[in-house]
Amino acid sequence: MRNFLKFLLRYYAFFLFLALEVACLILYFRSAEYPNASVVYSANRLAGNGFARYASLVEFTRLDDRNDSLAAENAGLREQLANARMIDSVTERCVDDSLYRQLYTYIPARIIKSSVTARNNYLTLDRGSREGIRPDMGVITDDGIVGKVVAVSEHFSVVMSVLHSKFSTSAALRPTGAIKVADRVAASLAADSAQQGLAAGAAVAAGTGALRPELPFISGRLSWDGKNPGRVQLIDIPGHVQPRPGDAVFTTGFGTLFPEGIPVGTVQEVRQAPGSYFLEIDVALGPYFSGLRHAYVVNYLQKEERQALESEAEEE
């Protein structure tokens with residue numbers, strides 16, 4: 001305390017000057033209108049920048065909650081898509097009616113661990129049996145398929161990645177040439193309807209109704225050769241098909257993992273299988289597996305009924 005008093009007595013002139021200077025500045029800015037406005041503006045600007053930075057920091061700490069909320073919302077929207085529902089009517093002419101029943105639901109989850117460099121890759125989700133996840137459920141993202149659930153605990157799930165030597169699922173492509181042919185057929189029918197006034201032709205031209213020409217697709221089997229983590233292989237495609245780079249590859253809905261029409265990727269390279277009539281097609285995956293953070297687990301509501309019936313038929 002004594003040293004502090006000595007310090008004040010030694011430098012009292014400086015502190016007195018500093019206090020008087022501050023008092024003069026306060027009186028000056030309060031009495032003059034322009035300096036006062038400048039100080040208020042500068043103070044408000046500094047305070048606003050400080051509050052903005054604080055708000056950004058708080059928002060950053062809440063990103064996980066916001067992402068979970070968006071994932072849950074996206075899952076709800078996916079359940080409203082046409083490929084997540086089935087027509088609950090025995091009359092084919094009721095295709096355009098609203099008689100639909102839920103066929104798929106989606107459980108949002110976060111990916112907390114993943115690998116892409118091994119021969120057999122897996123992912124871990126932060127959702128488990130408590131949320132209704134069971135083995136043999138498909139897993140997708142907004143960009144395409146991810147894999148299938150192989151092990152479940154109360155709070156976690158392990159997913160066999162598409163980048164796994166034992167993963168396999170049905171997939172299909174729609175050659176560009178087939179799309180052009182179907183477009184020409186639709187245009188021709190639309191022209192006929194314009195000349196003859198046929199309601200059926202008008203329905204085709206509008207792209208609705210039972211007479212709409214369906215675009216043909218060619219199905220095959222999707223697997224991974226263990227080489228490039230950005231590509232998988234579509235095999236068992238007949239040799240007369242002429243796919244081109246850029247053609248879309250999507251799920252068929254034939255199995256119980258994925259609904260129909262979920263994107264897989266695009267055709268990158270086509271080659272003839274050695275000594276075979278069939279093609280081997282390299283498909284560039286839609287999802288970037290190294291950066292995956294969120295996923296949706298597909299719950300096929302009629303899976304048990306379908307599997308039981310198929311098993312019964314196979315035993316006969």
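Kindly check whether there is at least one residue in the range 225-233 that is more than 21 Å from Arg119 (Cα to Cα) and surrounded by 11 or more Cβ atoms within 10 Å (Cβ to Cβ). No - not one qualifying residue is present in the range 225-233.
Every test in (1) within 30 Å of Ser157 (Cα to Cα); (2) in contact with a strand residue (DSSP E or B) (Cβ under 6 Å, 6 or more places away or on another chain) is passed by Leu309 save one, and that test is (2).
When you go through (1) within 17 Å of Ile140 (Cα to Cα); (2) surrounded by 14 or more Cβ atoms within 10 Å (Cβ to Cβ) one by one for Pro243, which number turns out not to apply? Exception for Pro243: condition (1). Taken over the range 148-169, the residue count meeting the criterion of being in a strand (DSSP E or B) and surrounded by 16 or more Cβ atoms within 10 Å (Cβ to Cβ) is 13.
Residue by residue, here is whether (1) hydrophobic (A, V, I, L, M, F, W, C); (2) over 27 Å from Asn74 (Cα atoms); (3) modelled with pLDDT of 90 or more holds:
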{"position": "Phe250", "(1), (2), (3)": "yes, no, yes"}
{"position": "Ala273", "(1), (2), (3)": "yes, yes, no"}
{"position": "Ile281", "(1), (2), (3)": "yes, yes, yes"}
{"position": "Gln307", "(1), (2), (3)": "no, yes, no"}
{"position": "Ser311", "(1), (2), (3)": "no, yes, no"}
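Looking at (1) assigned to a loop (DSSP other than H, G, I, E, B); (2) under 19 Å from Leu234 (Cα atoms), which is the one condition that is false for Asp136? Failed condition: (2).
Counting the residues of the range 252-298 that are surrounded by fewer than 18 Cβ atoms within 10 Å (Cβ to Cβ), under 14 Å from the mean Cα position of the chain (by Cα) and part of a strand (DSSP E or B) gives 1. If you scan the range 124-142, which residues turn out to be over 14 Å from Pro259 (Cα atoms) and under 16 Å from the mean Cα position of the chain (by Cα)? Once the filter is applied, which keeps residues that are over 14 Å from Pro259 (Cα atoms) and under 16 Å from the mean Cα position of the chain (by Cα), the range 124-142 yields only Leu125. Can you say whether Val22 is at pLDDT below 65, part of a helix (DSSP H, G or I), surrounded by 10 or more Cβ atoms within 10 Å (Cβ to Cβ) and of a type in the set (A, V, I, L, M, F, W, C), as far as the supplied structure shows? No: the conditions fail for Val22. A residue that is touching a strand residue (DSSP E or B) at 6+ places or on another chain (Cβ under 9 Å), within 25 Å of Arg306 (Cβ to Cβ) and either at pLDDT 90 or above or aromatic (Phe, Trp, Tyr) (or both) can be found somewhere in the range 115-127.
The values are calculated or read from the model by the stated rules, or taken from the named source; none is laboratory data. This one's a predicted model, so the numbers in the text were calculated from it and none came from an experiment. Note that each Cβ is placed from the backbone with ideal geometry, even for glycine, and that neighbours are counted across all protein chains shown.
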